[in-house]
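The values are calculated or read from the model by the stated rules, or taken from the named source; none is laboratory data. Quick caveat, the model's predicted, so the values are computed rather than measured. Don't worry about glycine lacking a Cβ; one is built from the backbone with ideal geometry, like all the others, and counts go over all protein chains shown.
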């Protein structure tokens, strides 16, 4: 036992963290190599935006399906399937260096790889009892640390670390992940009752260690709308859409926003590294808050801080992009795990993977909306002010929504106590 959790739980988190760190190479490719990719493939930034949107949209539909696969067959198989599709995606881009090849590889196959999006949440839910938010934040931090640590490596060696070399490295990482997952991750998708009893000793709440009975996908999806009567879930869905919209803005358009603001190339690279570092620091701060204080209040504060960050970016000052990176980066990692944990506590269901996948579906839709909105905004007005203003409005409503939900829950509890 380590910190009241099974040792294997922390081991699997470390395993996922390592490959999440190396997997940040894909994020660097999307953000840093847009120029070389467009030049060598003779495509426009708009084409990249469409491919990115297609990938996110397909991934959004794959998230619930992948969650159902996880419920039915276990996370090990789903993780391997997602990784195989990711390797094939990169291979197609390299073999068919053509606009069609890039769209198929990145836009379609890259989106299909999203079937593994919910596996980390299911693993943490099943293996952790006391430190779920922290465990999710550790896994999520891998990409941020990778962005901060690996971006300077790629920038300083761009003469030979081209986007094609980066894709080759990502293929090698994917193959290693598939092989190690086959041997390291335990079969069955859920820890056996005996294993957990031995690890947790006198833990009484072991009901979720029983093997899950996979629901039929159609029936489970049909049953989900009934959950929308719960105000907590409605707020979580809206907030996750907002989070996806914000992340889509940052992932797809932050470089263009900085270019429009005439920020230097050096400043842009520095901001990427700062973003990664702040994601890590802020992520762990919010992980502690999510475990120690009411999650709705912590999430409300997170979105209000994002409102401030986008307001500074909207002001279009010279230092606005850097200040935005500092403030927004601190909130980057907390919204998704916090929202999913809050929804899971509000609605008890055996289909943990499917529920997580559906919630991630709305998050991904937000990313698609941001990619399309940003492109239209620039084509019409040659700036991104409308996109930033929408982020301000969505973040403000989400922050207020979480605070209202917390007060509503407190009123309900008081009524039940005095009933």
Looking at segment 287-330, which of its residues are closer than 26 Å to residue 135 by Cβ, more than 19 Å from the chain's Cα centre (by Cα) and not in a helix (DSSP H, G or I)? 293, 294
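Matching residues to (1) part of a helix (DSSP H, G or I); (2) buried (at least 20 other Cβ atoms within 10 Å of the Cβ); (3) modelled with pLDDT under 90; (4) out of contact with any helix residue (DSSP H, G or I) (no Cβ under 9 Å at 6 or more places or on another chain):
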| site | (1), (2), (3), (4) |
| --- | --- |
| 24 | yes, yes, yes, no |
| 31 | yes, no, yes, no |
| 47 | yes, no, yes, no |
| 70 | yes, yes, yes, no |
| 78 | yes, yes, no, no |
Among the numbered conditions (1) at pLDDT 85 or above; (2) within 24 Å of residue 340 (Cα to Cα); (3) surrounded by fewer than 22 Cβ atoms within 10 Å (Cβ to Cβ), tell me where residue 82 comes up short. (3)
Of 90, 63, which residue is touching a helix residue (DSSP H, G or I) at 6+ places or on another chain (Cβ under 8 Å), within 20 Å of residue 170 (Cα to Cα) and buried (at least 24 other Cβ atoms within 10 Å of the Cβ)? 90
Could you pull out the residue among 333, 354 that is at pLDDT below 90, part of a helix (DSSP H, G or I) and either surrounded by 15 or more Cβ atoms within 10 Å (Cβ to Cβ) or in contact with a helix residue (DSSP H, G or I) (Cβ under 7 Å, 6 or more places away or on another chain) (or both)? 354
Among what's in segment 118-164 and is within 27 Å of residue 41 (Cβ to Cβ) and not in a helix (DSSP H, G or I), pick the residue that is modelled with the lowest pLDDT. 158
Report yes if residue 113 is surrounded by 20 or more Cβ atoms within 10 Å (Cβ to Cβ), more than 27 Å from residue 149 (Cβ to Cβ) and either free of Cβ contacts under 8 Å to residues at least 40 places away in the same chain or under 19 Å from the mean Cα position of the chain (by Cα) (or both), otherwise no. no
Among residues belonging to segment 282-300 that are modelled with pLDDT of 90 or more and surrounded by 18 or more Cβ atoms within 10 Å (Cβ to Cβ), point out the one that is farthest from residue 324 (Cα to Cα). 296
Anything in segment 317-329 that is at pLDDT 80 or above and buried (at least 22 other Cβ atoms within 10 Å of the Cβ)? List them, or say none. 324, 325, 328, 329
Does any residue in segment 406-418 that is surrounded by 10 or more Cβ atoms within 10 Å (Cβ to Cβ) come within less than 6 Å, Cβ to Cβ, of a residue that is assigned to a helix (DSSP H, G or I) and at pLDDT 75 or above six or more places away or on a different chain, and which pairs are these? 406/296; 406/297
Within segment 197-256, track down each residue that is assigned to a loop (DSSP other than H, G, I, E, B), in contact with a helix residue (DSSP H, G or I) (Cβ under 8 Å, 6 or more places away or on another chain) and modelled with pLDDT under 80. 203, 206, 210, 212, 214, 215
